[in-house]
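Presented below is the structure to which this report refers.
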Amino acid sequence: MNFLINLIAIPLGFLMKVIYNFVGNYGISIILFTFVTRMILFPVSYKQQKNAARMQLLNPKLKKLQEKYKNDPNKLQMEQFQLYQDENINPYSSCLTSFIPLILLWGVLAVVYKPMTYIMDYKEDMIEDAKCIVLSLDEEEEKNLSKNSMRQELIIMDKMIQNPEAFSAAIRDGEITFIEKNAEKTRKLSSIDSNFVTEVTDFAETFTLGSVKLSETPSTNPSENSSFFLFLIPILSGLMQLIFTIYTQSMQKKRNPDMPSMGGMNIMLYMMPLFSVWLAFTVPAGVGFYWLCSSVFSFLQSMFLYAWFNEERVERIGEAEREKAKKTKKRPSMMQRLMEQQEEMMRQQEQQGISGNRIRYSDGDGGTKISRAEMEEYNTAVIREARRRIAEKYGDTADADSDTDNKNNKKK
């Protein structure tokens, strides 16, 4: 899990560090960081919005297919896949992109929680030395550090700001005694230097947005916060997400009046902003502020893309894609081939049932049943024949032969 988080957090931390070194303020860095990541991901959002707009124009054709094949779901799926292929549309293209904001959030969480690691580039040993200094100054901090393992670097920074002289003295002495897990320990501070305290305290002073400390976790009680805006960050973040959700839902309904109500899914969409408000009250304000910035940029981006992909432009794009599909002989998708294979198997089974060629035995009540061994042999033959026919259809005989080759190899 740590490897995956580092895989995301290290490049994001590098980007944040570059921006921070340029502007010198963490709050402004989050705004610019959000803008830059949105610009990097804009081609993905553009393609996703274009695909969604084209899918909306296909709804009348899809509705006709649903009415025509309402009693034949397998045929309906086949016709839908054929329509998508003719229109050069991948109906699943937006599935992966929907996870990108969540992946980014994990990286941002790591960067906000561990600025000493991902922005200041301090090694683990140096951070551990600083943690031991905190324990040497106050034994009670062990419980606090254990309870808030994710926030350890923020706690260390906060303690260093409160008492920089004690940290500097410990570093000069080069050796400290502290209590950890009810045992007295001694540690030599070999990895930490005299500039450490100055660098961290200078950075911590810029870990703000105006008078708001972005390392502080907002409280649901406004009076307990160092600033009223600290209390407002989660509220504004959730409100902006709610506005964004209402806007996208209204635009989708406007573009596609026949769009069916998603029921429970709609409830989830409107519950997510409330969930984010609660979550923003449990994490450092820097995370909630990132959500707020991300929601604002997402809203502005969506307004631009909805205006750009008007009906006339989408129709022109669709015509160009249809011409492209005609000129380019595309191989069918794996899903389409599986659907065609299933349809071919059902066709063969119907033919076998009509001709009565199955081998049966008596069940004792005057009826007949196919034996288990015969059923397995029959199903294998049907699958092999279906694969062969579909492979021949697309000029790919290797797929059909591979099953036989595999069975022969197993026998050997």
Can you tell me which condition VAL283 does not meet? The list is (1) hydrophobic (A, V, I, L, M, F, W, C); (2) within 22 Å of THR117 (Cα to Cα); (3) free of Cβ contacts under 8 Å to residues at least 40 places away in the same chain, and all the others hold.
(3)
Wholly enclosed helices (runs of 4 or more DSSP H) of region 92-207 bearing at least 2 residues touching a residue at least 24 places away in the same chain (Cβ under 8 Å) and not charged (D, E, K, R):
93-97, 100-113, 115-118, 124-137, 152-162, 164-173, 195-205
When every residue in region 56-79 that is over 18 Å from GLU315 (Cα atoms) and in contact (Cβ under 8 Å) with a residue 12 or more places away in the chain is compared, the one surrounded by the fewest Cβ atoms within 10 Å (Cβ to Cβ) is LYS63
Report yes if ASP86 is in contact (Cβ under 8 Å) with a residue 24 or more places away in the chain and farther than 30 Å from ASN25 by Cβ, otherwise no.
yes
In this structure, does ILE8 turn out to be in a helix (DSSP H, G or I) and either surrounded by 13 or more Cβ atoms within 10 Å (Cβ to Cβ) or touching a helix residue (DSSP H, G or I) at 6+ places or on another chain (Cβ under 8 Å) (or both)?
yes
I'd like to know if region 304-311 contains one or more residues that are small (Gly, Ala, Ser), over 13 Å from PHE244 (Cβ atoms) and at pLDDT 85 or above.
yes
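The values are calculated or read from the model by the stated rules, or taken from the named source; none is laboratory data. Just so we're clear, the structure is a prediction, and the values are computed from it rather than from any experiment. Positions of Cβ are backbone-derived with ideal geometry, glycine not excepted, and every protein chain shown enters the neighbour counts.
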